[in-house]
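Q: Attaching a single structure in structure tokens format; questions to follow.
Where a number appears in this text, it was derived from the coordinates with a stated rule and is not lab data. Keep in mind the model is a prediction, meaning the values are calculated, not measured.
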């Protein structure tokens, strides 16, 4: 792909990858089951700037590198697939698009339903041998609480990034 041959693109994506891996080490516990994480923010910015393919690569590499740097539990490729798909979804919703609150809500909703609720619940069910519907029910409250928080975080980051980063880096966001 042409975007991966551009030095400016590779540099920016590498920086976003490093930030995403480092942010993966930090979490803010809200309850015993619910924690605020920030790793998805640089992945989404990369998806917005460079599109779904770069976003998917960035999501997948973030998951793999974060595991290699600081393993937590067993490595499961399904979660890497979810990270790739999240980057692709965010790329479709935000690349070369005007960042608006309804668009952010829609993007987070689609990513949440497909990746967080369905796929990650399936992968946890496979990994731990727990019935699929039991996993979904146990994760639903967390998802409902985190949804508006993730929307607010993304909107707060993407709105200024969609205005400032293209001017700084020379990326054409319009078409």
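Q: Beyond 25 Å, what share of the Cα-Cα pairs of the chain remains, rounded to the nearest whole percent?
A: The answer is 30 percent, as a whole percent.
Q: Taking the chain as the reference, fit the longest principal axis to its C-alpha atoms, fit the long axis of helix 77-94 to the helix C-alpha atoms, and give the angle between the two in degrees, 0 to 90, nearest 10.
A: 40 degrees
Q: Can you give the angle from 0 to 90° between the axis of helix 132-169 and the longest principal axis of the chain, with both taken from C-alpha atoms, to the nearest 10?
A: Roughly 10 degrees between the two axes.
Q: Between residue 53 and residue 10, 0.36 nm times their residue separation minus their Cα-Cα distance comes to what?
A: Working: separation 43, 0.36 × 43 = 15.48 nm, distance 1.32 nm.
Full-extension gain reported as 14.2 nm.
Q: With springs connecting C-alpha atoms under 10 Å apart, model the chain as a Gaussian network and identify which of 144, 45, 57 has the largest mean-square fluctuation.
A: Evaluated over the chain, the most mobile residue of the options is 144.
Q: Could you identify which residue out of 14, 83, 47 has the top mean-square fluctuation in a GNM of the chain using Cα springs shorter than 10 Å?
A: 14
Q: Angle check, please: helix 40-50 long axis (alpha carbons) against the longest principal axis of the chain (alpha carbons), in degrees 0 to 90, nearest 10.
A: Once rounded, the angle reads 40 degrees.
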